[in-house]
Amino acid sequence: MKTKITTLLMAASISMLAMQAHAADKLTLQLKWVTQAQFAGYYVAKDKGFYKEEGLDVDIKPGGPDIAPAQVLAGGGADVIVDWMPSALATREKGVPLVNIAQPFKHSGMMLTCLKESGVKTPADFKGKTLGVWFFGNEYPFLSWMAHLGIKTDGGPDGVKVLKQGFNVDPLLQKQAACISTMTYNEYWQVIDAGIKPDELITFPYEKEGVATLEDGLYVLEPKLKDPAFKEKMVKFVRASMKGWKWAEKNTDAAAEIVLENDASGAQTEKHQKRMMSEVAKLTAGSNGALDDADYKRTVATLLGGGSDPVISKEPVGAYTHEITDAALK
């Protein structure tokens, strides 16, 4: 009799576990770039069980040079994506209804890094120079900045020549460009690791130049927000993700180790990821996940202020919602 009861209890326990596993809501997150500490908060949330605590089964898909997150989202390959706001707003204006539901990154890490020997001392010295620029949506902050400076990007003598930069620092190392696009947490350090000393460089952070735009926000398709079940899933996802980000800020080395464990490519190094996480923590500091209205307005004003060729042509309507973070942060 005892054996029979034990067997029944075991069967009930297994059944309950199966039901719990089945009950976990599947969710796919598409990253903007490859697995690295730029996305540590999401990997931490998964590793530490924060998603599981919310009843979520989250699949984190790395990005890459040929992956446009908005296209993946529009094609049904993801539920939520990480994207920069200039790209997201430009994409929305073109007809893909992206909506920002959370903003883990408070500050911009983007900058132009130049060789001092090129003669660049101030932004006015950009004229006549070749500048490396990332595309696939990452060109928008740069083009907006040049428009603010009144510098043409057509390659003329009074403008700059834009070099379509790959996701590396070769144009600077090979002196094909006077300046290249870098992030404070990534490519700048690749330049340093290549043997160029900091005092041989001059940097122009977008944040300090007053043309910073919001990076690494979370975006979904607007029609999906009409579904209460989807909205609830996003509330859980944002709550767990921000828990992951705040843990990563306080435990940068440990967070970097978690990222390395998730790097299927094996391309990342411990030194680079720990340094990256330390820098990324400075960009997420001060954000609880809710989009700050002033930051949003500054980004929109920067993108609209592009003279004859603005990134967006009109003030966006419905491009963000506080509804998800309001519920997640209760």
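Between a residue in the stretch 206-235 that is under 21 Å from VAL133 (Cβ atoms) and any residue that is at pLDDT 95 or above and among the β-branched types (Val, Ile, Thr), which pairs come within a Cβ distance under 7 Å, given they are 6 or more apart or on different chains? Every condition considered, the pairs that remain are ASP216/VAL82. Within the stretch 2-43, the set of residues being modelled with pLDDT of 95 or more, assigned to a helix (DSSP H, G or I) and more than 12 Å from VAL58 (Cα to Cα) comprises ALA37, GLN38, PHE39, ALA40, GLY41. Only one residue in ASP326, ASP263 is more than 23 Å from GLU207 (Cβ to Cβ), of a type in the set (D, E, K, R) and in contact with a Ser or Thr (Cβ under 6 Å, 6 or more places away or on another chain). Which one? One residue alone meets the criteria, ASP263.
For (1) in contact with a Ser or Thr (Cβ under 8 Å, 6 or more places away or on another chain); (2) open to solvent by less than 30 Å² (accessible area, probe 1.4 Å); (3) assigned by the TED database to the domain that holds LEU31; (4) not in a helix (DSSP H, G or I), each residue gets a yes or a no:
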{"position": "LYS52", "(1), (2), (3), (4)": "no, no, yes, no"}
{"position": "GLY63", "(1), (2), (3), (4)": "no, yes, yes, yes"}
{"position": "ALA70", "(1), (2), (3), (4)": "yes, yes, yes, no"}
{"position": "ALA78", "(1), (2), (3), (4)": "yes, yes, yes, yes"}
{"position": "GLY95", "(1), (2), (3), (4)": "no, no, yes, yes"}
{"position": "ALA102", "(1), (2), (3), (4)": "yes, yes, yes, yes"}
{"position": "VAL120", "(1), (2), (3), (4)": "no, yes, no, yes"}
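Scanning the stretch 122-158 for residues that are among the β-branched types (Val, Ile, Thr) and in a loop (DSSP other than H, G, I, E, B), we see that the one that is nearest to the chain's Cα centre (by Cα) is THR153.
The criterion of being surrounded by fewer than 19 Cβ atoms within 10 Å (Cβ to Cβ) and in the same structural domain as ALA88 (by the TED database) holds for GLY286. Selection of the stretch 122-140 for residues being crowded, with 19+ Cβ neighbours inside 10 Å and among the aliphatic types (A, V, I, L, M) yields LEU131, VAL133.
Among the residues of the stretch 289-309, those that are under 22 Å from the mean Cα position of the chain (by Cα) and either surrounded by 14 or more Cβ atoms within 10 Å (Cβ to Cβ) or not assigned by the TED database to the domain that holds GLU232 (or both) comprise GLY289, ALA290, LEU291, ASP292, ASP295, TYR296, ARG298, THR299, VAL300, THR302, LEU303, LEU304.
Filtered by the rule that a residue be open to solvent by 10 Å² or more (accessible area, probe 1.4 Å) and assigned to a loop (DSSP other than H, G, I, E, B), the stretch 104-118 gives LYS106, HIS107, SER108.
The set of residues in the stretch 248-271 being of a type outside the set (Val, Ile, Thr) and under 17 Å from LEU31 (Cβ atoms) consists of ALA248, ALA255, ALA256, LEU260, GLU261, ASN262, ASP263, ALA264, SER265, ALA267, GLN268.
The values are calculated or read from the model by the stated rules, or taken from the named source; none is laboratory data. Being a predicted model, the structure only gives us computed values, none of them experimental. Don't worry about glycine lacking a Cβ; one is built from the backbone with ideal geometry, like all the others, and counts go over all protein chains shown. Just so you know, the surface numbers come from the protein's heavy atoms only, side chains and all, with ligands and any DNA or RNA stripped out. Shrake-Rupley method; radii C 1.70, N 1.55, O 1.52, S 1.80 Å.
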